[in-house]
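Worksheet: the structure to be examined is printed underneath.
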Amino acid sequence: MKAHMIIDFTRIIGKKNPYFFGSFIEHVHRCVYPGIFDPTSDFADKDGMRKDVLEEIRKLKPGTIRWPGGNFSSWYQWKDGIGPKEKRLTKISYADDIIREENHQFGTDEYIKFCRKTLVEPYITVNAGCGTAKEAAEWVEYCNYNGNSFYANLRRENGSNTPFGVKFWEIGNEIYGDWQVGTKNAMQYCQVVNEFSKAMKRIDPTIKVVAVGMGKHDPDWDRTILSHCWEYIDGISVHIYIGRHGYFDSFGQVYTIRDHLKKMEDDIISLSEKKTSRRIGIALSEWGIWYRRGHKDALDEVYNLKDALVFASAMNLLLGFCNSLDFTHQSMLVNCLGLIRTKQYKIVRQTIYFPFLLFANETGDTVLAPLVLCETFSCKDYRYFPWPTFDVGKDNFQIDESRVPQMHNIQFLDVSATFNSKENHLCIIAVNRHPEQSISSSIELRNCQYKNLVTASVITGPDVYAENNFDKEAVGMETYQETLKNHLVWDFPPHSITMLKIPVEAKNE
């Protein structure tokens, strides 16, 4: 199959937030315990964290890692998770409809140590379900205040003389849902946001505060929050999960993300014309592929190569929203829907680990708008059947597929392009979504000068349903360099993700 790609350095979409590609951990199933924190493991460091997991996270380089939830945050009392570990109480967590015992061994201080060990910025979700503005402000004080106050001194007493400097705070989680502790309607939640933000920012005016947007797009909810909280927030969040069993139809769900983000972006732009001139960003604070297991299951999704291709296509799409989208938190980091799975003595990198590695490590700060000409396919159009396409509460993973229309002209070769202005290189990430055919594409670079030395990283496997397990990683990544003699032409293998890094200099117009 033939294709042609045009990348013009004058066709700039915008600048990417340096924290753009992040992840998420929650006290649910096997994510934190024992995926990250397991003092009994042979891999545990002096703080009880698994060194092999920490090493992989450092390789991934997520910008931020959201914690402690998720639904868990609507129950969590942060003061239960600080101080001497032997004095921390085990309490029943009723954040979900599954009763769990929380021993509070991984709390705020441990989370900050985890962030420091993995070189990421913390992103904390405060309890807006059964918590108060006072408790949230005291949490900010504990983390960020440097004066002679009770909670600042308590932090010092617990071993941290220097403030943590937590910049990013989200007020609650999916508070619109009846599965949530402390469900609220839009106007009730507006009052919560304004009071929480006011109290928290009086402790530290430099923090950025994110409000909860509707996961299943509801313009009334989002517009209400934006209209009544505009002066108090810096961003609004959204959660989107995708995933279908059918190969081509899986790619159709990627466009539900585009549809939802575009509607939110339009709402913000429309309201910004009536409000004071301040920027409100979007935080995709939970997103991922989730379709095999119900909420009550172990949630150790085992991903295949098809899932990795869909995952990479979604990340390509997300880059196109860089002007409004500040954070994307893949859900979750370890075990539960994870990039990584663990056993007591082993670790495995899931298929989706590798595209995350490429996007977080290699994409540049400037997002370009590539033009691609290639053959296309058709798939189901799920844009009018937005998340959830399954009912998590009922563990029902079915929708009436007969009612889903077709969408057409979906290109087999899906491409993003970014420019690293510090290192002067172009990063092209191309997903060949054809399950059987390679794609030979000419690449036309405009308004730049490039060198013929190309660094390539290719993610693929024996077939689209190949999985990585504890015995063997069937899907992996190969990196090599190649010198091009004349024209820039590249062969993209079937069912593959390819990153091309090309040294360039943009021409000054």
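Computed from the coordinates by the stated procedures, all read-outs in this text should not be read as laboratory data. What you see is a predicted model; the values in this text were computed from it and never measured. Cβ coordinates were reconstructed from backbone atoms using ideal geometry, including for glycine residues, and neighbour counts include every protein chain displayed.
Cβ under 12 Å from residue 427's Cβ, residue 427 left aside: what net charge do those residues give with Lys, Arg +1 and Asp, Glu -1? Net charge around residue 427: -1.
In units of the rule-of-thumb radius 2.2 N^0.38 Å, the chain shows an alpha carbon radius of gyration of 0.97.
For the chain, what does the relative contact order come out to in percent, with C-alpha contacts under 8 Å and a separation of six or more? Spell out each step's value before the answer.
Numbers: 1158 pairs, mean separation 94.4, N = 509.
Computed value for the chain: 19 percent relative contact order.
What is region 104-157 by shape, rounded, prolate or oblate, if you read a ≥ b ≥ c off the alpha carbon gyration tensor as root eigenvalues and call it rounded for a/c under 1.5, prolate for a/b larger than b/c, and oblate otherwise? It is oblate, given that a/c is not under 1.5 and a/b is not larger than b/c.
Per the Debye calculation on region 17-146 with a single equal scatterer at every Cα and no solvent contribution, log₁₀ I(q)/I(0) for q = 0.10, 0.14, 0.21 Å⁻¹ amounts to -0.31, -0.63, -1.42.
Candidates 318, 119, 251 compared by Cα position along the dipole of the chain: farthest toward the positive end lies 119, with charges placed on Cβ. Taking the Cα centre of the chain as reference, the dipole from Cβ charges on Lys and Arg (+1) and Asp and Glu (-1) amounts to some 940 debye. Highest mean packing first, where packing is the average number of other Cβ atoms within 10 Å per residue, the peptides 332-340, 132-140, 27-35 line up as 332-340, 27-35, 132-140. Its Cα gyration tensor gives region 193-316 an equivalent ellipsoid. The semi-axes, each the square root of 5 times an eigenvalue, are 32, 17, 12 Å from largest down.
Checking the Cα-Cα distances for 216/262; 262/501; 2/61; 79/201 against a 25 Å cut-off, the pairs over it are 262/501; 2/61.
Count the net charge of all other residues whose Cβ sits under 14 Å from the Cβ of residue 308, scoring Lys and Arg as +1 and Asp and Glu as -1. Provide the component values of the computation, followed by the final result.
On the way: positive: 306, 349, 433; negative: 301, 307, 414, 463, 467, 473.
With Lys, Arg at +1 and Asp, Glu at -1, the neighbours total -3.
Placing unit charges on the Cβ atoms of the charged side chains and taking the dipole of the chain about its Cα centre, the candidate lying farthest along the positive direction among 420, 260, 22 is 420. Summary of packing: across the peptides 367-376, 273-282, the per-residue average of other C-beta atoms within 10 Å ranks them, highest first, as 367-376, 273-282.
Local charge sum around residue 70 (other residues, Cβ-Cβ under 11 Å, Lys/Arg +1, Asp/Glu -1)? Numbers along the way, then the final one.
Details: positive: 66; negative: 26, 96, 170, 174, 286.
Local net charge: -4.
Kindly identify region 33-85 as rounded, prolate or oblate by the Cα gyration tensor criterion: order the square roots of the eigenvalues as a ≥ b ≥ c, call it rounded if a/c is under 1.5, otherwise compare a/b with b/c, prolate if a/b is larger, else oblate. Here region 33-85 falls in the oblate category.
Evaluate the charge dipole of region 415-509 about its Cα centre and quote only its size in Debye, nearest 20, assuming +1 on the Cβ of each Lys and Arg and -1 on the Cβ of each Asp and Glu. Mind dumping the intermediate values first?
Working: 8 positive and 12 negative charges, 91 e Å.
That gives region 415-509 a dipole magnitude of about 440 debye.
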